[in-house]
Amino acid sequence: MRARTTAVVAAGLMLAAAACGGGEPAGTDPSASASAPAAKPLEGTTVEIAAKWTGDEQANFEKVLAAFTEKTGAKVTYASTGEDTGAYLGPRIEGGNPPDVAVLPQPGLVQQYADQKALKPLSSQVQAQIDQNYTPYWKELGSADGQVYGVLVKAAHKSLIWYRAPAFEDAGAQPATTWDELIGKTAQTLADSGTAPFALCGASGWTLTDLFENIYLSTAGPENYDKLSKHEIPWTDPSVATALEKMAQIFGKSEYMLGGSSGALQTDFPTCVTQVYGQKKAAMVIEADFVAASVGQSGAKVGEDAKVMPFPKAGDTEPVVLGGDVAVALKDTPGAMALLEYLASAEGGSVWAKLPGYLSPNRNVSPDNYPDPLTKQLAQTIISAGEAVRYDMSDLAPSAFGGTDGKGEWKQLQDFLRKPADVKGAQQKLEADAAKAWEK
């Protein structure tokens, strides 16, 4: 598979060179050029890419860009957008000077920029890489109005429960493989030992949406997940009630949450991680692979004190929910398309996978590329989940519903944490907010 991928990339890059006006100048002596080093296909081309990454994430990504430069000869410049990608890109798009490529933190922005006519359709070479390396779901996620504009280049794995191994050992608790086992056995054993099973980050409403999404994907299945994410079924649907009832199995037992519901609602992310690993007051935190950074800051070691279990099955589907970043072209240039082709390839993904803090949604990036056991494990779960992998639902929704503090889904799930017995009331409020958001 690697040889074929390299051949496709090379073919695309040679086409890009031709589009740049490449070829031997008239009068060149073929025998002289035969002994000289072969010209790289994009020598003399400059590509600008903008993304939110700073610090170590930026440094690692620049190593990937350096590998692209080594392969093609293109010079790549990196611009950091900061956390507000829209605030950075908006003025540049309006001024007619956008970067060649941008990495968007939410797929919803693909539709937004497509509506503004700011995006360029991906070339057939880039789409060939997407078809070869990604499931159809990811291609659809990077599309708008039937046109493919983006490729998911970096993933965050949100279907994890982190646990403090010494707390489990002291209580005699075991990692769970099903939701019923998690609630009825693992959590109860920890509570009986005097350790709060969960530190919930309820003040950060997005963490509650992550919990809902994992339960919903597992109980309702991928098809219903897609429908709810597009508001094609209402939040008053019985499938939503099933997921909320399972959430209430935690929310309704104060001894399961550090500080009860009021404590959970006053705890933000990453304070909940500190409560588990720094203060050692609770045993588990339900959140993504990026918990690892806060684990280290708490003085614990990933793989020793801090271990992970896959989010337990609450229904028929093993849930794998991803967040992540989508790369798009704002200029239709050979350099832009060649860079996107490289980032979509198994070759480019494999270069990136060897560096810390990265997970690929590319199914042809082997887990063997990753530098530690945890990321190897997470990468394998993405591959094994196949067609059932889904993107973070709240990030697919209009931001007024799925991405605003104190509003929409964030607020209604926080209110549900306060009153977990009122499933029907929570559904009605969620549906009212969703209907308003999708009207706009």
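The values are calculated or read from the model by the stated rules, or taken from the named source; none is laboratory data. Remember, it's a predicted structure, so these values are computed and weren't measured experimentally. Here Cβ is always computed from backbone atoms with ideal geometry, including for glycine, and neighbour counts include all displayed protein chains. Ligands, DNA and RNA are stripped out before the accessible areas are found, and what is left, the full protein with its side chains, is counted by its heavy atoms. Shrake-Rupley method; radii C 1.70, N 1.55, O 1.52, S 1.80 Å.
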Would you mind checking which residues have amide H under 5 Å from residue 47's amide H? H placed 1.01 Å from N; only 5 or more apart, or other chain. 75, 76, 77
Indicate the gyration tensor shape class of the stretch 206-351 (rounded, prolate or oblate), computed on the Cα atoms with a ≥ b ≥ c the square roots of the eigenvalues: a/c under 1.5 is rounded; otherwise a/b larger than b/c is prolate and the rest oblate. oblate
With a/c under 1.5 counting as rounded, go ahead and sort the stretch 40-82 into rounded, prolate or oblate using the C-alpha gyration tensor (a ≥ b ≥ c being the square roots of the eigenvalues; past the cut-off, prolate if a/b is larger than b/c, else oblate). oblate
Counting only protein heavy atoms and a 1.4 Å probe, tell me what percentage of the stretch 233-376's accessible area is made up of carbon and sulfur. 48
Keeping every protein chain present and rolling a 1.4 Å probe, give me the accessible area per residue for the chain in Å². 41
Determine the dipole magnitude for the chain: charges of +1 sit on the beta-carbon of Lys and Arg, -1 on that of Asp and Glu, nothing else is charged, the reference point is the Cα centre, and the result goes in debye to the nearest 20. 200
Enumerate the aspartates and glutamates that residue 376 could reach by cross-link, defined here as Cα to Cα under 14 Å, with residues fewer than 8 away along the same chain left out. 289, 368
Which length gain, in nm to one decimal place, applies between residue 58 and residue 262 when the Cα-Cα distance is subtracted from 0.36 nm times their residue separation? 69.7 nm
Centroid-to-centroid separation of the stretch 112-132 and the stretch 288-316 [C-alpha atoms, Å]: 35
Stretchable slack from residue 135 to residue 404, in nm (0.36 nm times residue separation minus alpha-carbon distance): 93.9 nm
Using a 1.4 angstrom probe and counting only protein chains, how large is the accessible area of residue 57 in Å², to 10? 80
Any of 281/407; 63/407; 185/280; 313/440 with alpha carbons more than 32 Å apart? Name them for me. 63/407; 313/440
Charge context of residue 200, other residues only, Cβ under 14 angstrom, K/R +1, D/E -1: -1
Only one of the values [x] 23, 46, 24, 8, 0; [y] 26, 57, 16, 1; [z] 25, 53, 19, 3, 0 was calculated from this structure for P(r) over Cα pairs in 20 Å bins from 0, in percent; name its label. [z]
What is the helix-to-structure angle for 55-72, meaning the angle in degrees between its Cα long axis and the longest Cα principal axis of the chain, kept from 0 to 90 and rounded to the nearest 10? 30
Which of rounded, prolate or oblate describes the stretch 318-440 when judged by the alpha-carbon gyration tensor and an a/c cut-off of 1.5? oblate
Give me the distance between the Cα centres of the stretch 353-394 and the stretch 185-228, rounded to whole Å. 21
For residue 253, list the aspartates and glutamates whose Cα falls under 19 Å from its own Cα; do not include residues on the same chain fewer than 8 positions away. 180, 181, 192, 245, 415, 422
Tilt, helix 238-251 to longest principal axis of the chain (alpha-carbon atoms), in degrees rounded to tens, equals 60
